[in-house]
Amino acid sequence: MPSLFTSSPRHHPPRYLEPTQAAGRAFVMRGVKGNVVMLNLLRFRDTADYSQHPALAPATPISGAEAFDRYIEHTLPFLRDSGGELLFVGTGGPVLIGPEDERWDLVMLVKQRNVESFLAFANNAAYLAGLGHRTAALEDSRLLPLSELNAVVPRQPQPM
């Protein structure tokens, strides 16, 4: 029987490294037309964990950031061949608005010309062969698909 003095298991927040089937279906069902920009928020492991992809593991341990560099080097040719481009890569840090304990090490904006080209890229077998570097590198991540608004921007009033 539990008591007030029984310690509960330590809570570990969930990690988000891959989309769920439901999230993937919702993304496709949005019916985004034209360019899609993916906002990537990435938090690295101190030491890369290649336990799920031992064939990709380097001879000696490397940092999560180094593993992610290997992922980017592997990925860029496939991204470019699919019509995509890396728009922005920058360092992150603690958030200005949001949970105080949340931090992101790297932020990226990746542009694809449409949903179909993104899906073709994401399902390319040669690209997927190096995906283990990303998995080994990341402690946590977020991926937010963005689509452009085709709204008219209000004009500034003209001086009289």
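The values are calculated or read from the model by the stated rules, or taken from the named source; none is laboratory data. As the structure is a computational prediction, the values presented were derived from the model and not from experiment. With ideal geometry, Cβ positions are generated from the backbone for all residues, glycine too; neighbour counts draw on all protein chains shown.
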### Task
Take Arg15 and decide whether it is at pLDDT below 95, under 15 Å from the mean Cα position of the chain (by Cα) and in a loop (DSSP other than H, G, I, E, B).
yes
### Summary
Of Ala57, Ala65, the only residue that is surrounded by 17 or more Cβ atoms within 10 Å (Cβ to Cβ), small (Gly, Ala, Ser) and under 19 Å from Thr135 (Cβ atoms) is Ala57
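Here are Leu96, Leu128, Leu87, Leu79: which of them is out of contact with any strand residue (DSSP E or B) (no Cβ under 6 Å at 6 or more places or on another chain) and more than 26 Å from Ala57 (Cα to Cα)?
Only one candidate qualifies: Leu96.
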### Query
Which of the residues belonging to segment 83-127 are of a type outside the set (Ser, Thr, Tyr), without any contact (Cβ under 8 Å) to a residue 24 or more places away in the chain and in contact with an Asp or Glu (Cβ under 9 Å, 6 or more places away or on another chain)?
Gly93, Pro94, Val95
### Query
For segment 85-108, how many residues meet the condition of being surrounded by 12 or more Cβ atoms within 10 Å (Cβ to Cβ) and among the hydroxyl-bearing types (Ser, Thr, Tyr)?
0
### Task
Specify the residue that is farthest from Asp69 (Cα to Cα); the eligible residues are those in segment 132-145 that are crowded, with 17+ Cβ neighbours inside 10 Å and of a type in the set (A, V, I, L, M, F, W, C).
Leu143
### Query
Given segment 21-133, what helices (runs of 4 or more DSSP H) lie entirely inside it while holding 2 or more residues that are touching a Phe, Trp or Tyr at 6+ places or on another chain (Cβ under 8 Å) and farther than 24 Å from Glu148 by Cα?
64-81, 125-128
